[in-house]
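These notes concern the structure reproduced below.
Rule-based calculations on the coordinates, nothing more; no lab input. Small disclaimer: the values here were computed from a predicted structure and weren't measured. All Cβ positions, glycine included, derive from the backbone under ideal geometry; neighbour counts span all protein chains shown.
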Ligand SMILES: [Ca+2]
């Protein structure tokens, strides 16, 4: 019991001391890498790509496109994109219905349920449009587009994007509490 209490105190005391250093190695440490709510966010606002390329790029560094599965994350993205960077408004997020038309799945494998923020102007789903983007200038509304450039790249569907990574749990997981 004492050990449990000490561990809990340790985790509360030190678990919140996460910094950018707890983000995965190999990601450039600059103002486009942030930490929020235990996750790291990499804002590729200057590197537009089609959805599939963007998704592979995040995956290559151990992450996914950003999972906007609650309003807190949505508000955070709007703050960063509009007020911090002042550049991108429409960015790819990690949600698509590529596997089954009309069945949306987040890139961590969880189905879309609960929170959603589809644009009121959205015209239902379409077999051509399977990949979801987020519009920071319009309350973070979601809509869909092609996942890939078309006609061998002559018709582009590139957008900026945001990658998400799980941050290490502060220093608590690397250094056990002294008991
Ligand atoms: Ca679709």
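Say R0 is 35 Å: what FRET efficiency, to the nearest 0.05, do residue 119 and residue 17 get from their beta-carbon distance? Each step should come with its number before you reach the end.
Details: r = 39 Å, r/R0 = 1.11.
That pair, residue 119 with residue 17, gives E of 0.35.
Sorted from fewest to most neighbouring beta carbons within 10 Å, what does the list 61, 159 look like? It would help to have the intermediate numbers written out before the result.
Values: 61 15, 159 21.
Placing the least packed residue first, the sequence is 61, 159.
Expressed as a rounded percentage, what relative contact order does region 2-166 have, with Cα pairs under 8 Å and six or more residues apart? Walk me through the numbers before you get to the answer.
Values: 276 pairs, mean separation 50.0, N = 165.
Once divided by the residue count of region 2-166, the mean separation gives 30 percent.
Spin-label point model (7 Å from Cα, Cβ direction): what's the residue 150 to residue 28 distance in nm?
That separation, rounded to one decimal, is 3.2 nm.
When DSSP beta bridges are limited to those with both residues in the chain, what percentage is antiparallel, rounded to the nearest 5? Present the calculation step by step, with values, prior to reporting the outcome.
Numbers: 27 of 29 bridges.
If we restrict to bridges inside the chain, about 95 percent are antiparallel.
Once you treat every alpha carbon in region 2-166 as an equal point and sum by Debye, what is log10 I(q)/I(0) at q = 0.10, 0.18, 0.20 Å⁻¹?
-0.40, -1.12, -1.35
What is the fewest-to-most order of 73, 93, 20 by other Cβ atoms lying within 10 Å of their Cβ? Intermediate results must be reported in sequence, preceding the final value.
On the way: 73 22, 93 28, 20 13.
With the sparsest Cβ surroundings first, the list reads 20, 73, 93.
In a GNM of the chain with a 10 Å cut-off on Cα contacts, which of 75, 97, 130 has the highest mean-square fluctuation?
Between 75, 97, 130, it is 75 that shows the largest mean-square fluctuation.
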